[in-house]
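Undergrad: Pasting a structure here, questions to come.
The values are calculated or read from the model by the stated rules, or taken from the named source; none is laboratory data. Quick caveat: nothing in here was measured; it's all calculated off a predicted structure. Counting neighbours? That spans all protein chains shown, and the Cβs are built from the backbone with ideal geometry, glycine included.
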Amino acid sequence: MSTSTSNSAGNTEDNDVLQKQRETFVASLSHDLKNPTIAQIRAIELILKGKFGKVLPQQREIMEMVLDSCKYMNAMLCSVLATYRNEKGTINLKSESVSIADLAAECTDEMIYLANDKGIKITLENSAEQEQVWGDMVQLRRVVMNLLSNGIKYAYPNTELIIKVYNEQNNTCFMFENRSPYLSPEKRKSIFARYISYSKTHTGIGLGLYASKKIVEAHGGTIFVKSYEDERNIFGFKLPNDECLKDAKRCVTF
């Protein structure tokens, strides 16, 4: 065996070891995070049931939103664990009726306090006659949350973020428009790529938008971004609302 062949084999073995270590670390971390998340859910449920005293209406509203967030986090952690149990890192998508309008409203309510902290006004406009798509509720919620969190994080303070749910041909669409730094064509072209980050301009650590693109495409949809020099930015996605997708078997590989 030549030296180059031997080195190549050694590098492959090292990469396999590192990959397994990474997967074990993420799986262990996700598992450990599930326990406190479940404990939070149980504690909040007890508070809402009045086990520790009367809950005021304003307090109940906030606690219910926190409870929804904890349940969403727990569902996400279960998805991560399921992914790492599969050697190919693939999640089998559920097929259920999902209202994009309801999803947008729920995620908006959850993000409202983050927006208020920056003085950002959120407006939700729903003109869709067909709101339902067939897909995985948890994963689609993940997409909406990723997009909105980026939209709020990088929007200029004291501006407006407009969310729209609408129909276009045979698609149900979600999008938001905010006021934030202009994205050049080069950045728009690669913004959904893995580990690409423009932390000083628009995106986060470079995984949220990548995951969102993979999830949308696994549902047969498209994700898009538009940017204008007057510093208006638009992010969104389009999903087919064809009834024949009800029994479709789909998966997403990260």
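Undergrad: How do the pairs read when you match residues in region 107-133 that are assigned by TED's automatic domain parsing to the domain that holds K153 and in contact (Cβ under 8 Å) with a residue 24 or more places away in the chain with residues anywhere that are part of a loop (DSSP other than H, G, I, E, B) and of a type in the set (A, V, I, L, M, F, W, C), using Cβ under 8 Å and keeping only pairs 6 or more apart or on different chains?
TA: Matching pairs, first to second residue: K118/A155; I120/A155.
Undergrad: Could you list, in sequence order, the residues of region 240-254 that are assigned to a helix (DSSP H, G or I), closer than 16 Å to K94 by Cβ and hydrophobic (A, V, I, L, M, F, W, C)?
TA: Correct list: L245 only.
Undergrad: Among the residues of region 224-254, write down those that are of a type in the set (V, I, T) and free of Cβ contacts under 8 Å to residues at least 60 places away in the same chain.
TA: Scanning region 224-254 gives V225, I234.
Undergrad: Please verify whether region 25-38 includes one or more residues that are closer than 30 Å to P240 by Cα, assigned to a helix (DSSP H, G or I) and at pLDDT below 85.
TA: No.
Undergrad: May I pose another question? So which residues in region 86-109 are assigned to a loop (DSSP other than H, G, I, E, B) and acidic (D, E), if there are any at all?
TA: The answer is E87, and nothing else.
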